[in-house]
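Note sheet for the following structure.
The values are calculated or read from the model by the stated rules, or taken from the named source; none is laboratory data. Just so it is clear, the structure is predicted and the values come from calculations on it, not from any experiment. Methodologically, a virtual Cβ is constructed for each residue, glycine included, from the backbone with ideal geometry; neighbour enumeration extends over all protein chains shown.
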């Protein structure tokens with residue numbers, strides 16, 4: 001039985017105190033490919049790198065990939081970054097901009113590809129895939145406990161090779177009725193903390209179908225100290241019969 | 001929990017460097033063969049640190065004002081250490097530091113060429129602080145000025161991460177016991193906690209450096225014990241950073257280094273100025 005994804009929501013919010021243009025998260029959805037990337041705030045032009053990663057993943061077809069294909073794909077993204085950087089470097093840039101560019105940009109990433117009946121996820125860092133099935137959490141990948149956030153995650157660098165152990169790959173069944181969420185780290189941590197406290201955070205995620213819904217939830221949870229102040233990205237799909 | 005305030009443009013934090021510029025700073029570090037004085041080496045350390053702080057705050061072609069920075073120099077005279085458009089103020093925002101080095105020096109370094117070899121890379125080394133060395137060591141007066149500066153800053157930034165004062169000296173005070181004024185600095189506080197005072201003593205002899213000691217018993221003389229007592233104990237996060245860098249630290253470890261050589265001085269200042277994720 002073939003499946004198809006139905007988009008419920010895709011959107012992003014900058015951390016409180018930052019302007020929209022300063023958001024360093026990026027996301028992309030295209031048919032059966034979805035991805036989010038969380039640019040490291042320590043980096044410069046992280047939003048450019050996050051954007052390259054998210055878009056490039058959705059331009060490709062990752063359902064059949066193993067690790068080797070993913071690493072090749074990263075190299076292609078790094079070449080795109082290098083071209084972009086070369087163009088930028090033609091400008092008359094301040095000394096600190098050049099210094100920082102030399103360090104490169106970094107991002108956490110999760111990409112999801114759907115095939116006829118399966119999902120395939122590729123993760124580097126602490127962006128997560130959450131799967132809700134039959135009113136319960138069927139999957140939380142690659143992080144399963146709220147305690148595991150905050151340790152230095154492995155990130156995808158724009159100018160250095162990704163370490164082998166930094167990539168995590170998983171595949172699973174996708175069943176009609178499943179809800180799949182790609183979430184950036186602050187929201188993932190919020191979700192898992194709620195789950196560990198016996199709550200049903202997926203009920204709240206299911207109510208989000210507009211930017212205003214996301215803003216309202218995020219604002220309320222931040223105010224209560226339940227959601228760390230950080231950029232937030234959410235991509236929500238539901239699996240339907242084809 | 002103290003020292004947990006977010007460092008952001010709305011709630012910046014501050015660093016104040018209090019730098020000994022006495023005559024003895026014209027001597028080299030013990031055992032040094034570079035022919036450079038402690039004053040010259042220290043000026044390089046401060047310039048590199050300012051460069052690091054600027055780069056940390058850089059986003060694209062802008063610099064976000066996460067920090068206010070001040071430099072006080074003391075020796076023959078006592079005054080603000082930054083020059084030009086930055087002169088005459090206790091603190092300047094990091095963006096102004098970024099755009100106002102006194103000069104950009106052109107330097108060369110060797111970098112990997114990607115094919116197993118090395119290639120020359122020209123880069124710009126910004127300079128804000130030039131070496132000075134003459135006169136005595138009016139430590140009390142200098143720390144008194146530092147105390148006024150952070151007190152005034154804290155009063156205007158009550159929700160910010162507390163000030164960090166890094167005092168660098170190569171010898172004893174010539175204007176009395178600095179302990180009382182050091183305690184006054186450490187009594188300055190924001191809602192997030194008391195100011196931190198770290199003391200970095202630069203070596204005059206070839207004795208081994210002692211960094212982040214946890215007790216007076218580890219120290220060789222009265223002067224070291226005095227500076228130790230003046231230093232703030234390392235807060236948890238900084239202690240973890242120090243441990244990650246290979247230092248043997250414990251609960252009582254203080255932000256103090258005695259007999260530091262150049263390498264140790266750089267490591268000490270680097271650890272003392274690390275802040276958690278800049279937002």
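General observations
- Among the residues of the stretch A:98-115, the ones that are touching a helix residue (DSSP H, G or I) at 6+ places or on another chain (Cβ under 9 Å) and either crowded, with 23+ Cβ neighbours inside 10 Å or assigned to a loop (DSSP other than H, G, I, E, B) (or both) come to 11 in all.
- Filter result for residue A:222 (in a loop (DSSP other than H, G, I, E, B) and surrounded by fewer than 21 Cβ atoms within 10 Å (Cβ to Cβ)): no
Yes/no per residue for (1) touching a residue at least 60 places away in the same chain (Cβ under 8 Å); (2) more than 29 Å from residue B:144 (Cβ to Cβ):
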{"position": "B:1", "(1), (2)": "no, yes"}
{"position": "B:9", "(1), (2)": "no, yes"}
{"position": "B:15", "(1), (2)": "yes, no"}
{"position": "B:21", "(1), (2)": "yes, no"}
{"position": "B:31", "(1), (2)": "yes, yes"}
{"position": "B:37", "(1), (2)": "yes, no"}
{"position": "B:40", "(1), (2)": "yes, no"}
{"position": "B:45", "(1), (2)": "yes, no"}
{"position": "B:55", "(1), (2)": "no, yes"}
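- Taken over the stretch B:99-115, the criterion of being buried (at least 16 other Cβ atoms within 10 Å of the Cβ) and more than 12 Å from chain A (Cβ to nearest Cβ) is satisfied by B:102 alone.
- Taking the listed residues B:90, B:68, the one that is over 19 Å from residue B:199 (Cα atoms), surrounded by 22 or more Cβ atoms within 10 Å (Cβ to Cβ) and either within 14 Å of another protein chain (Cβ to nearest Cβ) or in contact with a strand residue (DSSP E or B) (Cβ under 7 Å, 6 or more places away or on another chain) (or both) is B:68, with no other qualifying.
- Residue list for the stretch B:1-38, restricted to those being within 14 Å of chain A (Cβ to nearest Cβ) and buried (at least 16 other Cβ atoms within 10 Å of the Cβ): B:5, B:6, B:7, B:8, B:11, B:12
- Among the residues of the stretch B:121-153, just one is surrounded by fewer than 20 Cβ atoms within 10 Å (Cβ to Cβ), under 21 Å from residue B:8 (Cα atoms) and in contact (Cβ under 8 Å) with a residue 40 or more places away in the chain, namely B:152.
- Residues in the stretch A:89-134 that are more than 22 Å from residue A:57 (Cα to Cα) and in contact (Cβ under 8 Å) with a residue 40 or more places away in the chain: A:97, A:100, A:101, A:103, A:132, A:133, A:134.
- The listed residue being part of a helix (DSSP H, G or I), at negative phi, modelled with pLDDT of 95 or more and surrounded by fewer than 18 Cβ atoms within 10 Å (Cβ to Cβ), out of A:195, A:204, A:217: A:204
One line per residue, one yes/no per condition, for (1) in contact (Cβ under 8 Å) with a residue 24 or more places away in the chain; (2) in contact with a strand residue (DSSP E or B) (Cβ under 9 Å, 6 or more places away or on another chain); (3) within 14 Å of chain A (Cβ to nearest Cβ); (4) not in a helix (DSSP H, G or I):
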residue: B:198; (1), (2), (3), (4): yes, yes, no, yes
residue: B:226; (1), (2), (3), (4): yes, no, no, no
residue: B:246; (1), (2), (3), (4): no, no, no, yes
residue: B:267; (1), (2), (3), (4): yes, yes, no, no
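- Residue in the stretch A:48-64 that is in a loop (DSSP other than H, G, I, E, B) and within 14 Å of the chain's Cα centre (by Cα) present: no
- Candidate set from the stretch A:58-71 (those that are closer than 13 Å to residue A:167 by Cβ and in contact (Cβ under 8 Å) with a residue 12 or more places away in the chain); member that is surrounded by the most Cβ atoms within 10 Å (Cβ to Cβ): A:62
- Residue that is farthest from the other protein chains (Cβ to nearest Cβ), among those in the stretch A:23-47 that are modelled with pLDDT under 90 and surrounded by fewer than 20 Cβ atoms within 10 Å (Cβ to Cβ): A:31
- Verdict on residue B:118 being away from chain A (no Cβ under 14 Å), more than 21 Å from residue B:16 (Cβ to Cβ) and surrounded by fewer than 22 Cβ atoms within 10 Å (Cβ to Cβ): yes
- Criterion (away from every other protein chain (no Cβ under 14 Å), surrounded by fewer than 21 Cβ atoms within 10 Å (Cβ to Cβ) and over 24 Å from residue A:129 (Cα atoms)) met by exactly one of A:86, A:55: A:86
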